[in-house]
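J.: Just dropping this structure here.
The values are calculated or read from the model by the stated rules, or taken from the named source; none is laboratory data. On a predicted model such as this, the values are computed, not experimentally measured, just so you know. Because the Cβ atoms are built from the backbone with ideal geometry, glycine has one as well, and the counts that use them run over all protein chains shown.
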Amino acid sequence: MCNQPYALCTSAKCVPNPDNYNQTICNCDIEHGDSIGTKQCDQLKGYIENNIKYIFSTFSPLQSVKQGKKILHCDAKYPWSNCLNQKCEVDPRDPKKAICACDLVKSKKDWITFGGNANPSACANNYFSGAYFDDYKSAMKFWNY
């Protein structure tokens, strides 16, 4: 569990990266407080380099538990974005947002997101930041939810 600023991408709508077909570009919220990743906290700590502020995307149940966003279950046929542990740039025009390059996932497993307002038709063509349901359940168990 890390207690630091982080990019929260659990409901981020993403677009394909035209420079790398294995990535998406996601616009994520910046939050401060407890979050988890699969790396040590010192590896997920933000920093500044060449006047660019960097931050990392980690997970927190904030958008579901406190903001009331509902889970959207998406079929495996739709690609999604895996933003966990990804390095992001703080948007210089909006310090409450981070621009993250996330991994594009094409899998044979269904997945979930907090994006799309629980509307199943939103799964298509949005490349939402998401996770496999089992991984989400494990993370929520860690948070005692």
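J.: Can you run down the residue pairs with Cβ atoms below 6 Å, 6 or more apart or on separate chains, where the first is in the stretch 63-91 and of a type in the set (V, I, T) and the partner is at pLDDT below 95?
T.: I71/I112
J.: Condition first: under 19 Å from Y136 (Cα atoms) and in contact with a Pro (Cβ under 8 Å, 6 or more places away or on another chain). Can you find one or more residues in the stretch 51-72 that meet it?
T.: Scanning the stretch 51-72 turns up at least one residue that is under 19 Å from Y136 (Cα atoms) and in contact with a Pro (Cβ under 8 Å, 6 or more places away or on another chain).
J.: Within the stretch 44-62, work out how many residues are in contact with a strand residue (DSSP E or B) (Cβ under 9 Å, 6 or more places away or on another chain) and either touching a residue at least 12 places away in the same chain (Cβ under 8 Å) or surrounded by 12 or more Cβ atoms within 10 Å (Cβ to Cβ) (or both).
T.: 13
J.: In the stretch 87-114, what residues are in contact with a Cys (Cβ under 9 Å, 6 or more places away or on another chain) and either polar (S, T, N, Q) or part of a loop (DSSP other than H, G, I, E, B) (or both)?
T.: If the condition is that a residue be in contact with a Cys (Cβ under 9 Å, 6 or more places away or on another chain) and either polar (S, T, N, Q) or part of a loop (DSSP other than H, G, I, E, B) (or both), then D110, T113 are the ones that fit.
J.: Condition first: out of contact with any Leu (no Cβ under 7 Å at 6 or more places or on another chain) and under 18 Å from T10 (Cβ atoms). Now tell me which residues in the stretch 20-38 satisfy that.
T.: Within the stretch 20-38, I25, C26, N27, I30, H32, G33, D34, S35, I36 meet the criteria.
J.: Next up: Tally up the residues in the stretch 115-145 that are under 21 Å from I25 (Cβ atoms) and touching a strand residue (DSSP E or B) at 6+ places or on another chain (Cβ under 7 Å), please.
T.: Within the stretch 115-145, residues that are under 21 Å from I25 (Cβ atoms) and touching a strand residue (DSSP E or B) at 6+ places or on another chain (Cβ under 7 Å) number 9.
J.: Let me ask something additional. Pairs, please: C-beta under 6 Å, at least 6 apart or cross-chain, first residue in contact (Cβ under 8 Å) with a residue 24 or more places away in the chain and in the stretch 101-127, second charged (D, E, K, R)?
T.: D110/D75; F114/K69; G115/K13; A118/K70; N126/K13
J.: Sticking with this structure for a sec: Out of the stretch 115-129, which residues are assigned to a loop (DSSP other than H, G, I, E, B) and among the small types (G, A, S)?
T.: Selection gives G115, A124.
J.: Still on this structure: Please work out which residue is modelled with the highest pLDDT, limiting yourself to the stretch 35-73 and to residues that are part of a strand (DSSP E or B) and among the polar types (S, T, N, Q).
T.: Per the criteria, the residue is S57.
J.: So, in the stretch 1-34, exactly how many residues are closer than 13 Å to I99 by Cα and either within 14 Å of the chain's Cα centre (by Cα) or not in a strand (DSSP E or B) (or both)?
T.: Result for the stretch 1-34: 16.
J.: A further question follows. Look through the stretch 130-144, keep the residues that are hydroxyl-bearing (S, T, Y) and in a helix (DSSP H, G or I), and return whichever of them is nearest to P79 (Cα to Cα).
T.: My answer is Y136.
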